[in-house]
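Q: The structure is given below, and queries will be raised subsequently.
The values are calculated or read from the model by the stated rules, or taken from the named source; none is laboratory data. All values reported here derive from a predicted model rather than from experimental measurement. Methodologically, a virtual Cβ is constructed for each residue, glycine included, from the backbone with ideal geometry; neighbour enumeration extends over all protein chains shown.
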Amino acid sequence: MAALAAGACLVGGCAPAVKSSAARLDPAGGTGGGAADVRVQQPVKIRLDTGYSRTLDPATAWRPAGRLPQGAVLRPVDTVFSIEGQQVHEAWLVVRGQQLVGFYLPAEAQYAPLDEPMQLPMAPK
């Protein structure tokens, strides 16, 4: 039975799990008590190491949600953003300066880094 499942995985192309580690969000860190929402200035395609990709839409507003040691955490406003591997995870952006460095997975309290940080041109909403 295990061989059958392994064979199905090879044929069906099982996705790897999203790599993540425990993270403790500091909700007060970096929010500034009234920090403005931001948007990406153009569509941004993110290629995940799981083989899946996601696109950040300029119509989506992102609101400061706190801080991790890796950077500021931004959560989407009025929508849900997710990343995918073996499972689908709700994900918030983790940015340092103008770079996307990874994702905060709020349901699991985990941080999932990007293999390669990428430029993320953002502007106030």
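Q: Among the numbered criteria (1) modelled with pLDDT of 95 or more; (2) surrounded by 14 or more Cβ atoms within 10 Å (Cβ to Cβ), which one does residue 80 miss?
A: The number of the failed condition is (2).
Q: Go through (1) touching a residue at least 12 places away in the same chain (Cβ under 8 Å); (2) assigned to a strand (DSSP E or B) and name the single condition residue 45 misses.
A: (1)
Q: Is there a residue in the range 112-125 that is at pLDDT 95 or above, part of a strand (DSSP E or B) and of a type in the set (Gly, Ala, Ser)?
A: yes
Q: Residue 50 passes all but one of (1) under 12 Å from the mean Cα position of the chain (by Cα); (2) within 19 Å of residue 110 (Cα to Cα); which number fails?
A: It fails just one condition, (1).
Q: If you don't mind, there's one more thing I want to ask. Checking residue 50 against (1) modelled with pLDDT under 95; (2) more than 27 Å from residue 14 (Cα to Cα); (3) surrounded by 14 or more Cβ atoms within 10 Å (Cβ to Cβ); (4) not small (Gly, Ala, Ser), which test does it fail?
A: Only one criterion in (1) modelled with pLDDT under 95; (2) more than 27 Å from residue 14 (Cα to Cα); (3) surrounded by 14 or more Cβ atoms within 10 Å (Cβ to Cβ); (4) not small (Gly, Ala, Ser) is unmet by residue 50, namely (2).
Q: Filter the range 90-99 for residues that are outside any loop (DSSP other than H, G, I, E, B) and under 10 Å from the mean Cα position of the chain (by Cα); which is surrounded by the most Cβ atoms within 10 Å (Cβ to Cβ)?
A: Initial filter on the range 90-99 (outside any loop (DSSP other than H, G, I, E, B)): 90, 92-96, 99.
Now narrow it down to the ones that are under 10 Å from the mean Cα position of the chain (by Cα): 90, 92-95.
Details: 90: 16, 92: 20, 93: 24, 94: 27, 95: 21.
This residue is 94.
Q: Going residue by residue through the range 57-71, is there one that turns out to be at pLDDT 95 or above, within 13 Å of the chain's Cα centre (by Cα) and closer than 15 Å to residue 19 by Cβ?
A: yes
Q: I would also like to ask the following. What number of residues within the range 70-89 are out of contact with any Cys (no Cβ under 9 Å at 6 or more places or on another chain), part of a loop (DSSP other than H, G, I, E, B), over 12 Å from residue 106 (Cα atoms) and touching a residue at least 24 places away in the same chain (Cβ under 8 Å)?
A: Looking only at that region, the number is 4.
Q: Could you pull out the residue among 5, 35 that is modelled with pLDDT under 95, in a loop (DSSP other than H, G, I, E, B) and out of contact with any helix residue (DSSP H, G or I) (no Cβ under 6 Å at 6 or more places or on another chain)?
A: 35
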